[in-house]
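> Handing you a structure now.
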Amino acid sequence: MDLNQIKEILKGMLTEKRYVHSINVANCAREMAKIYGEDEEKAYLAGVVHDCAKYFKNDKVEEYVKKYNIELDELETGNISLSHSVIGAYVAKYDFKIDDEDVISSVRYHTTGKVDMNLMEKIIYIADLIEVGRDYPGVEELRELVSNGKLDDAMIKSFDNTIALMLKKGNTIHPRSVAARNFMIIKRKEENSKKNDK
Ligand SMILES: [Fe+2]
Ligand SMILES: [Fe+2]
């Protein structure tokens with residue numbers, strides 16, 4: 001399926017606001033791909049499709065879960081704000097016929113993150129949070145880190161923000177986000193101690 005076909009289908013799946021957000025994420029992801037040396041077209045495509053399953057009703061989610069044997073965990077089950085990324089990866093792969101694994105997995109992990117994320121996964125995770133339409137305390141700091149080549153610092157900062165917000169609201173925190181943050185903190189410590197050894 002080509003990009004224009006995918007965009008047309010998406011217009012029918014998303015609200016207008018969400019469609020604009022998706023295009024904003026795509027543009028932001030393409031810019032980031034340019035800065036960090038990732039494939040710009042793939043980054044754009046991943047941005048376009050990342051929220052494709054956002055408005056799936058329970059029965060539609062169930063349909064995909066059964067059809068593709070998807071295992072939703074305890075927190076994802078019945079929670080579209082988490083499950084849309086997992087389900088969206090299957091829509092991207094089987095409905096939009098996208099065969100690039102980086103695109104698929106960046107859709108899959110754009111809400112929670114995961115341990116040891118690759119560049120495309122990080123780009124989509126962050127582009128979702130800093131696209132031009134986003135406005136919340138701390139967004140400028142993330143944008144600055146990203147434009148200064150500090151993508152990992154932006155990742156850690158955004159995990160910190162998300163986890164702090166969940167704590168404040170008394171919400172559950174997805175273990176993948178905690179694991180993703182731990183992984184990055186440990187990696188950064190190791191890198192710092194290597195630098196100090198030199
Ligand atoms: Fe999303
Ligand atoms: Fe999004």
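> Among the helices of the chain (complete DSSP H runs), which have Cα atoms covering no less than 24 Å along the helix axis and a Kyte-Doolittle mean of at least 0.5?
Helices meeting the criterion: none.
> Another question about this same structure. Can you list the lysines whose alpha carbon sits under 25 Å from that of K7, skipping same-chain ones fewer than 8 residues off?
K17, K34, K42, K54, K57, K60, K67, K93, K97, K122
> Taking 2.2 N^0.38 Å as the expected size of a compact globular protein, what ratio does the Cα radius of gyration of the stretch 150-193 give against it, to two decimals?
Details: Rg = 11.3 Å, N = 44, 2.2 N^0.38 = 9.3 Å.
Relative to the rule-of-thumb radius for its length, the stretch 150-193 sits at 1.22.
> Enter the mean projected area of the convex hull around the alpha-carbon atoms of the stretch 106-198, in nm², rounded to one decimal.
Answer in nm², one decimal: 6.6.
> Please work out how much length the chain gains when fully extended from Y136 to F183, using 0.36 nm per residue of separation minus the C-alpha to C-alpha distance, in nm with one decimal.
14.3 nm
> If you don't mind, there's one more thing I want to ask. Could you give the spread of the C-alpha atoms of the stretch 28-87 along their three principal axes, from largest to smallest, in whole angstroms?
Dimensions of the stretch 28-87 along the principal axes of its Cα atoms: 39, 20, 19 Å.
> Rounded to the nearest 0.05, what FRET efficiency do K11 and K194 have when you use their Cβ-Cβ distance and R0 = 35 Å?
Between K11 and K194 the formula returns 0.10.
> Can you compute the FRET efficiency between E40 and K150 using 1/(1 + (r/R0)^6), with r the Cβ-Cβ distance and R0 = 30 Å? Round to the nearest 0.05.
With a Förster radius of 30 Å, E is 0.90.
> Just the Cα atoms of the chain: what Rg and Dmax do they give in Å?
16.7, 57
> Then there's this: Could you give the Stokes-Einstein D for the stretch 19-125 in µm² per second, using the C-alpha Kirkwood radius, 20 °C, 1.002 mPa s?
So the translational diffusion coefficient is about 156 µm²/s.
None of the figures in this text is laboratory data; all of them are computed from the coordinates on show. Please read all numbers here as calculations on a predicted model, not as lab measurements. Quick reminder, even Gly has a Cβ in these numbers, built from the backbone with ideal geometry, and neighbours come from all protein chains shown.
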